[in-house]
Amino acid sequence: MQLLKDKIKTEGIVLSNNVLKVDSFLNHQMDPVLMMEMGKEFARRFQDKKITKVLTIESSGIAPGLMAALELNVPLVFARKQKSLTLTDNLFVEKVHSFTKQVTNDVTVSRKFLTAEDHVLVIDDFLANGEAAFGLARICEQAGATVAGVGIVIEKSFQPGRSKLVEAGYRVESLARIASLDNGQAQFVE
Ligand code: 5GP
């Protein structure tokens, strides 16, 4: 998606050869026009999938997830990150290791909001090793729901997340695919 690539080129800050900071339009300040366009693009790419729900993880997945849900005319559910839980009767719980924070959280979704009838579009802001996306997919599995696909705003294609998800049988659609962050520059996959 050209608009997003342009934004990454002009505003993205390469923190290291595997971390990109985009806090001026996605992770702290948000660009609502860009969010809206991203929602439309996700909806266009998954329009044939009979999506009934969008599932993301707090906090940075919520904005793109909500815009996709608005375009698809379905609810958005966001999984919550919590410290280890004891009372989990009414929750689906999965452990997810955070790439940026290097901690493992219990990620939870209320059993009320996902059912075996759901066709779920999983959305996240970044794809690195696939931990977050697989955690959300496992929550769908617990609910008996179908994962209709995975939509990612920024995929770091030099990390293994995408190939792991594709190998597991998931359709992955990323709006920007980064081939490398070497020498302080984002290079995109052609
Ligand atoms: P994964 O779970 O695929 O290993 O990593 C994706 C998650 O880690 C995303 O939810 C995102 O919050 C965070 N993340 C991974 N790589 C980056 C990055 O380069 N920049 C930022 N801002 N977040 C990242």
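Only the coordinates and a few stated rules stand behind these numbers; no lab work does. Quick caveat, the model's predicted, so the values are computed rather than measured. Reconstructed Cβ throughout: ideal geometry from the backbone, glycine too, with neighbour counts over all protein chains shown.
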Just check segment 55-117 against the gyration tensor rule for me: Cα atoms, a ≥ b ≥ c as the square roots of the eigenvalues, rounded for a/c under 1.5, and otherwise prolate or oblate depending on whether a/b exceeds b/c.
-> oblate
Distance in nm between label sites at K21 and L3, each 7 Å beyond Cα in the beta-carbon direction?
-> 2.6 nm
Segment T100-L70, extension gain: residue separation times 0.36 nm, minus the distance between their alpha carbons | 8.0 nm
Taking 0.36 nm per intervening residue step and subtracting the Cα-Cα distance, what contour gain separates D182 from D89 on full extension?
-> 28.9 nm
Rounded to a whole number, what is D in µm²/s for segment 1-50 from Stokes-Einstein with the Kirkwood radius over alpha-carbon pairs (37 °C, 0.692 mPa s)?
-> 272 µm²/s
Specify the angular offset, from 0 to 90 degrees and rounded to the nearest 10, of the alpha carbon long axis of helix 2-11 from the longest principal axis of the alpha carbons in the chain.
-> 70 degrees
Can you tell me the Rg and Dmax of the chain, counting just the alpha carbons, in angstroms?
-> 15.8, 49
Once you've got the GNM for the chain with C-alpha springs shorter than 10 Å, pick whichever of A133, A145, A168 has the biggest mean-square fluctuation.
-> A168
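With a 10 Å Cβ neighbour count serving as the proxy for reagent exposure, in which order, fewest first, do H119, H97, H28 appear?
With the fewest neighbours first, H119, H97, H28 line up as H28, H97, H119.
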So what is the calculated 222 nm ellipticity per residue for the chain, using -39500 (n - 2.57) for each DSSP H run with n of 4 or more, over all residues, to the nearest 500 deg cm²/dmol?
-> -9000 deg cm²/dmol
Run the quick spin-label model on Q82 and M30: label points 7 Å from Cα toward the beta carbon, then report their separation in nm to one decimal.
-> 2.3 nm
Under the Karplus relation 6.51 cos²θ - 1.76 cosθ + 1.60, θ = phi - 60°, what is the ordered set of whole-Hz ³J(HN,Hα) values for segment 63-73, x standing for Gly and Pro?
-> 5, x, x, 5, 5, 5, 5, 4, 5, 7, 6
Considering Cα pairs under 8 angstrom that are at least six residues apart, work out the relative contact order of the chain and quote it in whole percent.
-> 20 percent
Could you work out how far helix 32-45 tilts from the main Cα principal axis of the chain, as a 0 to 90 degree angle to the nearest 10?
-> 70 degrees
How big is the charge dipole of the chain about its Cα centre, in debye rounded to the nearest 20, if each Lys and Arg gets +1 on its Cβ and each Asp and Glu gets -1 on its Cβ?
-> 180 debye
Excluding residues on the same chain fewer than 8 positions from K95, give the lysines whose Cα lies under 29 Å from its Cα.
-> K21, K49, K50, K53, K81, K83, K112, K156, K164
Which far-off residues, 5 or more places away or on another chain, put their amide H under 5 Å from the one on S180, with H placed in the peptide plane?
-> Q187
What length, rounded to one decimal in nm, is gained on full extension from R111 through to R44, with 0.36 nm per residue of separation minus their alpha-carbon distance?
-> 21.3 nm
